[in-house]
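Reviewing the structure listed below.
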Amino acid sequence: MAEYNETEFLICIASRLMADKTTAFIGTGIPMLAASLAKKMHAPNLVPAFEFGGVGASLQKLPLGVGDSRTFHKAVLAAGICDMMETSARGFIEYGFLGGAQIDMFGNLNTTVIGAKYWPPKVRLPGSGGANEVASFCWKTIAIMRQHDKRRFVKKLDFLTTPGYLTGPGSREAAGLPPNTGPYRVVSNLGLMGFDEKTKQMTLLATHPGIKVEQVLENTEFEMLVADNVTENKPPTTEELRILREQVDPDKLYI
């Protein structure tokens, strides 16, 4: 079995979640690499949409950020950030990738402040950016949480930056958000989570090699549901690692 690091594994897991002939709102870091890997592995017709307006770009070299001019390389459309937000609001983006400092059982995210008070905060974080719009209007959102522990998988967010299923079933719709949208998957360094169709609570679907179900639950502050059949995520294949290292990120900007 080929050796791989944690970042490479998370990229591969995220990549496998993207289907061919779909659109994906892509941010910097793991989502960018995952989308590039997906296009080269199993989803050649995946259309990445970058926050600052590049749509359907073929990345010759990895951009350093979502505003990098490389996100427009051979793109089918060169628009702007307002156009991208409108595109998601019109329902044209299937997948939206997000990250956060905290996530709760309903997939709500905090990227604003850590601490009991908004001001003065214990820690000031970057804030929403376009994450609120992505989570509100993309059909399926995927959260990348690199560290799975009780400081990040919390019962109550210190601040609600980005909506998941808010307080549970029906609450997104009651808040005016489109029906049938919301959190789809959460990828962490311990496993892969989804959301129960009825209760909208986060549910453990698969663990990473060597990780037990109990480890995931012990590192989660809220009560996580467990699927009837918890599977094990397959390690990166030799071909995934080859493409990732030689074609997607040969300069090792991210991995």
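The values are calculated or read from the model by the stated rules, or taken from the named source; none is laboratory data. Just so it is clear, the model here is predicted, and its values are computed rather than measured. Quick reminder, even Gly has a Cβ in these numbers, built from the backbone with ideal geometry, and neighbours come from all protein chains shown.
Restricting attention to region 6-35 and to residues that are assigned to a loop (DSSP other than H, G, I, E, B) and under 12 Å from the mean Cα position of the chain (by Cα), the residue that is surrounded by the fewest Cβ atoms within 10 Å (Cβ to Cβ) turns out to be Leu17. Apart from one condition, Ala49 fits all of (1) in a loop (DSSP other than H, G, I, E, B); (2) aliphatic (A, V, I, L, M); (3) within 17 Å of the chain's Cα centre (by Cα); (4) crowded, with 23+ Cβ neighbours inside 10 Å; the exception is (1). Within region 114-146, the set of residues being within 14 Å of Ile103 (Cα to Cα), surrounded by fewer than 19 Cβ atoms within 10 Å (Cβ to Cβ) and modelled with pLDDT of 95 or more comprises just one member, Ile114.
Can Gly91 be described as modelled with pLDDT under 85, in a loop (DSSP other than H, G, I, E, B) and surrounded by fewer than 20 Cβ atoms within 10 Å (Cβ to Cβ)? Judged against the criteria, Gly91 is not a match. Is it true that some residue in region 225-247 is touching a residue at least 40 places away in the same chain (Cβ under 8 Å) and over 30 Å from Leu64 (Cβ atoms)? No, region 225-247 contains no residue that is touching a residue at least 40 places away in the same chain (Cβ under 8 Å) and over 30 Å from Leu64 (Cβ atoms). Might you let me know whether region 66-85 holds any residue that is assigned to a helix (DSSP H, G or I) and among the polar types (S, T, N, Q)? The answer is yes; a qualifying residue exists. Per the listing Leu253, Leu205, Leu241, Leu160, the residue uniquely hydrophobic (A, V, I, L, M, F, W, C), at pLDDT 95 or above and part of a loop (DSSP other than H, G, I, E, B) is Leu160. Within region 147-157, the set of residues being crowded, with 18+ Cβ neighbours inside 10 Å and either at positive phi or assigned to a loop (DSSP other than H, G, I, E, B) (or both) comprises His148, Arg152, Val154, Leu157. Do we have Pro179 as free of Cβ contacts under 8 Å to residues at least 60 places away in the same chain, in contact with a helix residue (DSSP H, G or I) (Cβ under 8 Å, 6 or more places away or on another chain) and surrounded by fewer than 22 Cβ atoms within 10 Å (Cβ to Cβ) here? Taking the combined requirement at face value, the residue satisfies it.
Would you please name the residue that is nearest to Met193 (Cα to Cα), looking only at residues in region 97-112 that are modelled with pLDDT of 95 or more and among the small types (Gly, Ala, Ser)? Filtering region 97-112 for residues that are modelled with pLDDT of 95 or more and among the small types (Gly, Ala, Ser), the one nearest to Met193 (Cα to Cα) comes out as Gly107. Scanning region 185-200 for residues being under 17 Å from Gly168 (Cβ atoms) and either modelled with pLDDT under 95 or crowded, with 19+ Cβ neighbours inside 10 Å (or both) gives a total of 4. Quick check: is even one residue across region 125-134 aliphatic (A, V, I, L, M), within 26 Å of Ile81 (Cβ to Cβ) and part of a loop (DSSP other than H, G, I, E, B)? For region 125-134, residues aliphatic (A, V, I, L, M), within 26 Å of Ile81 (Cβ to Cβ) and part of a loop (DSSP other than H, G, I, E, B): present.
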